[in-house]
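Trainee: Before I ask anything, let me first share the structure, which is written out below as structure tokens.
Computed from the coordinates by the stated procedures, all read-outs in this text should not be read as laboratory data. Not measured: the values here are computed from a predicted model. Quick reminder, even Gly has a Cβ in these numbers, built from the backbone with ideal geometry, and neighbours come from all protein chains shown.
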Amino acid sequence: MSDRTKVLIAVVVVLVLAAFPTWQALGAAGEAGRPDLEMPENETQCVEDTEFMTARHMELLNQWRNAVVREGDTEYTSTSGETYTMSLTGTCMDCHNNRETFCQRCHDYADVAPRCWDCHVEPGGGER
Amino acid sequence: MSEDRRTFLKEAGCAVLGLGCGLPFVRGALAITQHGSEEEAQSSSQWAMVVDLEKCLNDEVRAVSAAACHREHNVPDIPDPDDEIDWIWDEKYQDVFPDQVHEHSPAEMREMPVLVLCNHCTNPPCVRVCPTKATWKRESDGIVMMDQHRCIGCRYCMAACPYGSRSFNWRDPRAFIQRDDNGEMPSDFPTRTKGVVEKCNFCAERLREGKQPACVEAVHAVAGGEGALTFGNLADPDSEVNRILGEKHTISRRVSLGTGPNVFYVV
């Protein structure tokens, strides 16, 4: 084996090792990813479509918060024309009634820690 | 010629400086007029409360009003007076109305318990000092609201309020909320968190549903408590509060400060 081949093999080995974080993550995202969320049993339609809710529910909640707390509005009209009462514990958690298996699982996966429940009480007076 | 040019430049410089000095005054004057018009716009509707001092001498009446309020809003019961949270509570007459007593006033009058709460002032000093607009006067009904999402816990509002109506959460209040037998909190009202200021909100969440404030509802259920607290709209000439204010001798707290309290006391 010539020196040239040995060097080339070494370079390839080093490159593969150096890229370990990249290919390891690529492999893992497919299988270990995606949290298993428990969806409401008796309701199929959220206030907006699922894609929007997944990506932007936090913006919607902020919008609701400002409308209710600061403007005193209580009704939200969705893009489909339905009206809903703007309430985290009243409307959202009426269907998504298990915080652990819905909110928390995805928040853990996304590594975010929203502080909603530092103050807001889960329906029924439960705490966490 | 060069002399003229020199003088011209000097004078022009002075003129610009003079204008610059004057601008803040102009802006100040504008701000004052704008503030004035804002206040006028706010007077469209104003919730108010009338407290009957004599009926509130009944210990049970005062106790049920505070209990109902604190249950409704998940107010913690913290034994240490330095840390306690109050929305509606008792103070001595001489401390509530310091300008209504003198050294010769009878002791039983000075020591008399008086129900106190946030006055939801027409011109609230707490609102003026809040750096984040976490507290503001709601234009629709005159309630001085709190937005706990925005409160940064600076306590300027507490320093500004001449009535001591605000409490600061020095510790996590959840540990001190009275639970029922199942360990659940008395209400779904959001608790507060360590580091924010809170106070009476005139039961804005109940008014939204067309109910009376919790304290008012509670005293009416007690024998002898009917009419101890009356709640209504000051802007409505036919409201019960306006009827009482028009017929009886009422006072409000520290009127000379110009805050315009909207809680009145029948003496």
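Trainee: Taking the stretch B:47-266, how much of its Cα-Cα pair set, in percent, is spaced more than 27 angstrom apart? Intermediate results must be reported in sequence, preceding the final value.
Mentor: Numbers: 7439 of 24090 pairs.
Cα-Cα pairs of the stretch B:47-266 separated by over 27 Å account for 31 percent.
Trainee: With the cut-off at 31 Å, tell me which of the pairs B:Lys55/B:Lys194; B:Lys55/B:Lys133; B:Lys92/B:Lys199; B:Lys133/B:Lys248 have Cα atoms farther apart than that.
Mentor: B:Lys55/B:Lys194; B:Lys55/B:Lys133; B:Lys133/B:Lys248
Trainee: In percent, what relative contact order does the stretch B:95-154 have, based on Cα pairs under 8 Å that are 6 or more apart in sequence? Please report the intermediate quantities before stating the final value.
Mentor: Details: 39 pairs, mean separation 13.6, N = 60.
The normalised contact order for the stretch B:95-154 reaches 23 percent.
Trainee: Hey, another quick one. Give the angle, between 0 and 90 degrees and rounded to the nearest 10, that separates the Cα long axis of helix B:59-72 from the longest principal axis of the Cα atoms of chain B.
Mentor: It works out to around 60 degrees.
Trainee: Could you tell me which chymotrypsin sites (Phe, Trp or Tyr not before Pro) in the stretch B:75-183 are loop residues by DSSP with no more than 15 other beta carbons within 10 angstrom of their beta carbon?
Mentor: B:Trp170
Trainee: So what is the relative contact order for the stretch B:182-250, in percent, with contacts set as C-alpha pairs under 8 Å and at least six apart?
Mentor: It rounds to 13 percent for the stretch B:182-250.
Trainee: Looking at the stretch A:72-113, which GluC sites (Glu not before Pro) are DSSP coil and have at most 12 other C-beta atoms within 10 Å of their C-beta? Write out the running numbers ahead of the final one.
Mentor: Numbers: sites: A:Glu75, A:Glu82, A:Glu100; in loops: A:Glu82.
Those that pass, being in a loop and sparsely packed, are A:Glu82.
Trainee: How far is helix B:2-42 tilted, in degrees, relative to the longest principal axis of the Cα atoms in chain B, given as a value from 0 to 90 rounded to the nearest 10?
Mentor: Approximately 20 degrees, to the nearest 10.
Trainee: Tell me, what is the percent relative contact order of chain A, built from C-alpha pairs under 8 Å that lie six or more residues apart?
Mentor: Values: 66 pairs, mean separation 30.7, N = 128.
Contact order relative to length: 24 percent.
Trainee: Which loop GluC sites (Glu not before Pro) in the stretch B:87-178, with loop taken from DSSP, have no more than 16 other Cβ atoms within 10 angstrom of their Cβ?
Mentor: Values: sites: B:Glu91, B:Glu103, B:Glu108, B:Glu111, B:Glu139; in loops: B:Glu103, B:Glu111, B:Glu139.
Qualifying residues, ordered by number: B:Glu103, B:Glu111, B:Glu139.
Trainee: Compare the Cα positions of B:Cys21, B:Pro173, B:Gly224 along the charge dipole of the protein assembly as shown (+1 at Cβ of Lys, Arg; -1 at Cβ of Asp, Glu; about the Cα centre) and return the one farthest towards the positive end.
Mentor: The residue sitting most towards the positive pole is B:Cys21.
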